[in-house]
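So the structure is just underneath, and the comments pick up after that.
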Amino acid sequence: FSQFPMGAVSLYGTRDLRIMQCTIHASPYMGIAGGDRQRGFSIENLSITPSQGRHISTTADGVHLTGVLGDIIFDHAIFEALGDDAINMAEVWDTLTAATSSSSFAMAGADSPAKPGDTLAFFDVTLAFLGSAQVKSSSGGGPLKIQLQGSVPFLHAGLKAINMSHIPSGFYMSGVTVRKKIGRGIIFGGLHGVIQDSSFENLTMSGIVFHFSSYWSEGAPSADVAIRNNQFLRTNWST
């Protein structure tokens, strides 16, 4: 797997961006990666395919968007011979390190700090939903100290906390071709979107996955998503 964590294109601190008519032939990590709590990404006519004589294009994901807030468009793209997922769009979550009361705790993880008014959803170690609460205040870092607006009796160290305000909301994926590759096609956790008119062929894993991964501490609840008029040929399949 990847030895050099640097993508061909990084999208940190960027919003309202269009990437058009671009080709990536090789990357020792991901093709396009970023997020950083921004919104507004349109990727149009993207091709990630290996150059002549090479067996793979990227060693990891083609496009990996972590914590993008929404307004995401994929309008025609080709992903071929990747070492991992073609598109990964999700949220990372934090882990409670200590609970000092029923309304205050500390947590650590890869997500950006929660702000007052954000809603945190809590899950146990099996990723079963326990409940949610709004943030009253936050301070510090590594771990982050959180004070909730109300009491949550089930708080204890080890729980997972997902910031619902950071889940991608609003996405459109159309005309995506994923073929001849390791891993999955589109893997996501998001709200209010559509995946249509796309094809998934010769993949070692699934074509489309609603994502919740305890291994990578990423994924999110998904709702109001239409998946229509797509074609799946030899997915979860390998020679």
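Bear in mind that the values in this text are calculations on the coordinates, not laboratory data. Note that this is a predicted model, so its numbers are computed, not measured. Glycine gets a Cβ as well: all are built from the backbone with ideal geometry, and neighbour counts include every protein chain shown.
Met30 sits among other residues whose Cβ lies under 12 Å from its own Cβ, and their net charge, with Lys and Arg +1 and Asp and Glu -1, is -3.
Taking amide H atoms as placed 1.01 Å from N in the peptide plane, the amide H of Leu159 lies under 5 Å from those of Leu96, each 5 or more residues away in sequence or on another chain. Model label points for Gln147 and Lys180, set 7 angstrom from Cα along the Cα-to-Cβ axis, are 5.9 nm apart. Other residues with beta-carbon under 12 Å from the beta-carbon of Ser104 carry, at +1 per Lys or Arg and -1 per Asp or Glu, a net charge of +2.
From the alpha carbon centroid of the stretch 202-239 to that of the stretch 136-154 is 33 Å. Entry note, the chain: relative contact order of 17 percent, from Cα contacts under 8 Å with a spacing of 6+ residues. Between the stretch 175-201 and the stretch 81-101, the C-alpha centres lie 19 angstrom from each other.
Just one of (i) 170; (ii) 120; (iii) 132 is volume of the Cα convex hull per residue in Å³ as worked out from the coordinates here. Which one is it? Correct label is (ii).
For Asp61, neighbours were defined as the other residues whose beta-carbon sits under 9 Å from its Cβ, and their charges (Lys and Arg +1, Asp and Glu -1) total -2. Per-peptide packing, taken as the mean over residues of other Cβ atoms within 10 Å, places 216-223, 160-167 in the sequence 160-167, 216-223 from highest down. Placing dummy labels 7 Å off each Cα toward the beta-carbon, the span from Thr95 to Arg18 is 4.3 nm. Name the residues whose placed amide hydrogens come within less than 5 Å of the amide hydrogen of Ser137, ignoring near sequence neighbours (fewer than 5 apart) on the same chain. Correct list: Gln147.
Per-residue Karplus couplings for the stretch 178-183, computed as 6.51 cos²θ - 1.76 cosθ + 1.60 with θ equal to phi - 60°, are listed in order as 10, 8, 6, 8, 7, x Hz, Gly and Pro entered as x.
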